[in-house]
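Novice: First the structure, which I've put down as structure tokens, then a few questions once you've had a look.
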Amino acid sequence: MTGQPATTVVGVTAASSLDERIRELFATLLQISPAAVNDDTRPATVAQWDSMQHLILVSGFEEELGIEVDPEEAVDMYEDFATFKRIVRDKLGSGRGAIGAAEATRGA
Amino acid sequence: MAKSVFKGVRIRGVAGAVPAGKVNNLTDHRFCTEDERKKIVALTKVGGYRKARKGMTASDLCQAAAESLLEGLNTSPEDIDAIVFTTMTPDYRVPSTACLLQDRLKCRTTIAAYDVNMGCSGFMVGLYNACALIKGAGLKRVLLLAGDTQTKLCHDQDKNVVFLLGDGGTATLLEADPAAEDIVIELLTDGSRFNNLYVPAGGFRCESTASTREVREQADGGLRSDENLYMNGMEIFKFSATDVVKSIAEFMEAERIAPTDVGALFLHQANGFMNEKISRKLKVPDARVPYTIGFYGNTGSASIPLTMAHHFSTVGQPTSQRTVFSGFGVGLSWGVATTVLDGVYSPPVVELA
């Protein structure tokens, strides 16, 4: 029984770390402060997050994390940061990205 | 459904012409930082494009392309039965520029000549018209001219469009030929979304006034007047990434064309990032998707035939090549076509000073 809580804690830590890396990369590519990025951040609230910058963002995530974003997903990611993060996390979780592979290795 | 099979129509040749004036996206557009310019070029793959000087129009470019094509094919302008000119940048609001081109190209007066007001789907709509004139009206030879000088529609500090849109003109000669492979064309339209890509004022719905000509920073951060081209980038990306991809995929399935059957996929040259997404979604190998967007940009109705002309004049004429085309843009209007291209003549792209 003692192993179960420990696994959960590691899982939560890994997820938090991944969220933080996505947030930092997002902020870096948009050239804004990571502190200004939260789940409610949306294009209407960040002047830099226009349609051209969005595609630069998506392209930057693809390059940095080794993932491939489908066109429909790229459209969905323009909703808010929570959606953007979820889609990136899903891709990394499916083992299709550099960080995902690294996290999987770490978890093993 | 506006899907038609045209039997007995051959694409004999295609030629392109571009202005000599060049825009370099990395070194021009100083209203953006160097870092921004580099990122936009890396994304869109548009390193630069051609820009028509003042007084040069799409019809000038199409005329140059047509003269080069007819001379190379040893075809007299007097043998042309119709001119179809697709453009959103005509010489005059009235009349159809095709009428002027009849005279400038020295064609007979006993021909049909008219404009089709279309942008990035212009080649698809024009091809449909040209094929219908040959098969439906019994004409022998139709000259399809497709060209735009979109730089004249854009404000030169509107980041949303000024890195993408260039100028170009083309001429495609179609002929009646019973031995030709079928040309299948499907056209689609959704006018409910027209205002995602349009010029809001200066027409007859919203006439030109001092206010509509006033340049100001717009809600999307772009600098332009209401008489400049407006593009809702994300909605157009969404349209291209979903509706257009779906239409091409369904068309290919209906025509029983597997991705590996495609010898060449000529897409409207929208932007590099988007076009790569589209071709990968369709699973057509990159090597079979010719691009000219890197040096001509997005040239509106000219982009597909200009890419064909550049491609065939540099790598050689196609031989029994299963070809798929798709143009998409203002309207919203889009189309998909296929045929087997064989021996399409293309002279080198003309540079007009």
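Every number here is computed from the coordinates shown, using simple stated rules; none is lab data. What you see is a predicted model; the values in this text were computed from it and never measured. Here the Cβ positions follow ideal geometry from the backbone for every residue, glycine too, while neighbour counts run over all protein chains shown.
Novice: For B:GLY202, what is the net charge nearby, where nearby means another residue's Cβ is under 9 Å from its Cβ and Lys, Arg count +1, Asp, Glu -1?
Specialist: Taking every Cβ under 9 Å from that of B:GLY202, the sum is -2.
Novice: Also, I was wondering about something else. Looking at the protein assembly as shown, what % of its DSSP beta bridges pair antiparallel, to the nearest 5?
Specialist: 70 percent
Novice: Right, next: Just the number, please: percent antiparallel of the DSSP beta bridges in chain B, rounded to the nearest 5.
Specialist: The antiparallel fraction comes to roughly 70 percent.
Novice: Still on this structure, please answer the following. What number, in percent, do you get for the relative contact order of chain B if the mean sequence gap of Cα pairs under 8 Å and at least 6 apart is divided by its residue count?
Specialist: 27 percent
Novice: If you line up the long axis of helix B:245-254 against the longest principal axis of chain B, both from Cα atoms, how many degrees apart are they, to the nearest 10?
Specialist: Between helix and principal axis, roughly 10 degrees.
Novice: Once you order the gyration tensor axes a ≥ b ≥ c over the Cα atoms, which shape class does the protein assembly as shown get: rounded for a/c under 1.5, otherwise prolate or oblate by comparing a/b with b/c?
Specialist: Cα axes put the protein assembly as shown in the prolate bin.
Novice: Using only the alpha-carbon atoms, how far is helix B:58-72 inclined from the longest principal axis of chain B? Give it as 0 to 90 degrees, nearest 10.
Specialist: 30 degrees
Novice: Now, a different point. Only Lys, Arg, Asp and Glu count, each charged at its Cβ (+1, +1, -1, -1), so figure out the dipole size of segment B:55-144 about its Cα centre, rounded to 20 debye.
Specialist: 240 debye
Novice: From the Cα gyration tensor of segment B:53-149, with a ≥ b ≥ c the square roots of its eigenvalues, which class applies: rounded if a/c is under 1.5, or else prolate if a/b is larger than b/c, or else oblate?
Specialist: oblate
Novice: Sort B:GLU253, A:GLU62, A:GLU79, B:GLU175 so that the residue with the fewest other Cβ atoms within 10 Å of its own Cβ comes first and the one with the most comes last.
Specialist: Ascending number of Cβ neighbours within 10 Å: B:GLU253, A:GLU79, A:GLU62, B:GLU175.
Novice: Helix B:272-281: angle to the longest alpha-carbon principal axis of chain B, degrees 0 to 90, nearest 10?
Specialist: Helix B:272-281 sits at roughly 50 degrees to that axis.
Novice: Fewest Cβ neighbours within 10 Å first, please rank B:THR110, B:THR323 accordingly.
Specialist: Going from sparsest to densest Cβ surroundings: B:THR110, B:THR323.
Novice: Based solely on its DSSP helices, what 222 nm [θ] is calculated for chain B when runs of n ≥ 4 H residues each add -39,500 (n - 2.57) and the sum is averaged over all residues, nearest 500 deg cm²/dmol?
Specialist: Value at 222 nm, helices only: -8000 deg cm²/dmol.
Novice: Taking amide H positions as placed 1.01 Å from N in the peptide plane, with prolines and chain starts having none, which residues 5 or more places from B:THR86, or on another chain, fall under 5 Å of its amide H?
Specialist: B:VAL116, B:LEU145, B:ALA146, B:GLY147
Novice: I'd like the FRET efficiency for B:ASN117 and B:MET1, computed as 1/(1 + (r/R0)^6) with the beta carbon distance as r and R0 of 22 Å, rounded to 0.05.
Specialist: Computed FRET efficiency for B:ASN117 and B:MET1 comes out at 0.45.
Novice: Label-point separation (nm) for A:ARG21 and B:ASP286, each offset 7 Å from Cα along Cα-to-Cβ?
Specialist: Result for the modelled spin labels: 2.5 nm.
Novice: Regarding chain B, what whole-number volume in Å³ per residue does the convex hull of its Cα atoms give?
Specialist: 129 Å³
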